[in-house]
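Presented below is the structure to which this report refers.
Every number here is computed from the coordinates shown, using simple stated rules; none is lab data. Model, not experiment: these values are computed from the prediction. With ideal geometry, Cβ positions are generated from the backbone for all residues, glycine too; neighbour counts draw on all protein chains shown.
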Amino acid sequence: EPDKDWVYDNFLPFLEKQHGYKLCIHDRDFQYGRLIVDNIVENMKNSRKIVLILSESFAESKWCQFEVLLAHERFLEHGPDSLISIKLEEITTFRMTNTLETLIKFATHAVWSNQNKEEFSVRILDCFQVKTDNIDKNNSNRSKHRCSHSHAQKMKVKEDRNKIFSDKFEHLFNEMCSRVDLMSETLCKRLDSLEKTVKSDITFLKNKVDKLETNLTSLQDSIIDSQSTSK
């Protein structure tokens with residue numbers, strides 16, 4: 001809350017009202033109903049400069065620590081001129097993370113106090129001065145880089161998809177071959193079993209027929225003998 005009061009009482013009027021800069025303040029400019037994380041990421045991405053207001057309350061805030069990590073990525077990608085750190089008060093050692101310490105050490109830095117307002121104002125304006133030509137050039141270079149990067153990403157996605165499709169097709173083909181082999185083996189076993197069963201049934205029927213023929217012959221002989229005896 002003390003940091004917020006300082007921003008609204010000193011920093012915001014100085015930069016926006018006196019010098020025409022546009023700041024992004026979370027309780028004023030964040031989109032309502034949207035996740036805080038999305039608001040933070042998008043607004044930091046779209047900002048020309050990231051300003052860290054350093055204080056004990058800043059170091060204690062989990063959201064501010066998240067912003068420090070994003071600022072560190074910005075620092076690595078765009079260099080120290082993309083960040084400005086303003087120290088309102090000293091931060092206790094145990095709250096000073098390695099990432100925050102690195103940003104303070106290498107980023108553009110200014111110290112606020114009621115005794116050095118004029119010096120602070122000059123320092124801040126110097127930090128915010130960016131020539132339009134350089135901005136346009138940087139934006140153009142970033143646009144070309146994004147196009148090139150986007151094309152490379154699309155090609156990589158296409159290659160990955162082709163590889164995934166090829167791998168899936170090969171896996172499916174191998175699986176189908178395995179299933180066909182298994183079905184063929186099972187079918188052969190069933191055919192062998194069926195052949196044995198049929199042969200056994202044929203043998204059984206043949207024996208039955210032979211036995212019937214024998215019985216029929218015996219019956220015929222008995223009939224003949226009976227007729228002879230009756231005569």
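So for each of 191-201, 96-106 I average, over its residues, the number of other beta carbons within 10 Å; can you give me the resulting order with the highest mean first?
Working: 191-201: 10.0, 96-106: 14.5.
Highest-to-lowest ranking by the protection proxy: 96-106, 191-201.
With unit charges on the beta carbons (Lys and Arg positive, Asp and Glu negative) and the dipole taken about the Cα centre of region 2-130, which residue among 20, 111, 100 sits farthest to the positive side? Going by the Cα projections, it comes out as 20. Debye-formula intensities of region 14-90, expressed as log10 I(q)/I(0) at q = 0.12, 0.18 Å⁻¹, are -0.36, -0.83 (one equal scatterer per alpha-carbon, no solvent). Highest-first packing order for the peptide set 87-95, 48-56, 68-76 is 48-56, 68-76, 87-95, based on the mean count of other beta carbon atoms within 10 Å. Sorting the segments 176-184, 118-126 by their residues' average number of neighbouring beta-carbon atoms within 10 angstrom, most packed first, yields 118-126, 176-184. Of the two radii for region 2-130, the radius of gyration is 0.93 times the Kirkwood radius, both from the alpha carbons; that is the Rg over Rh value.
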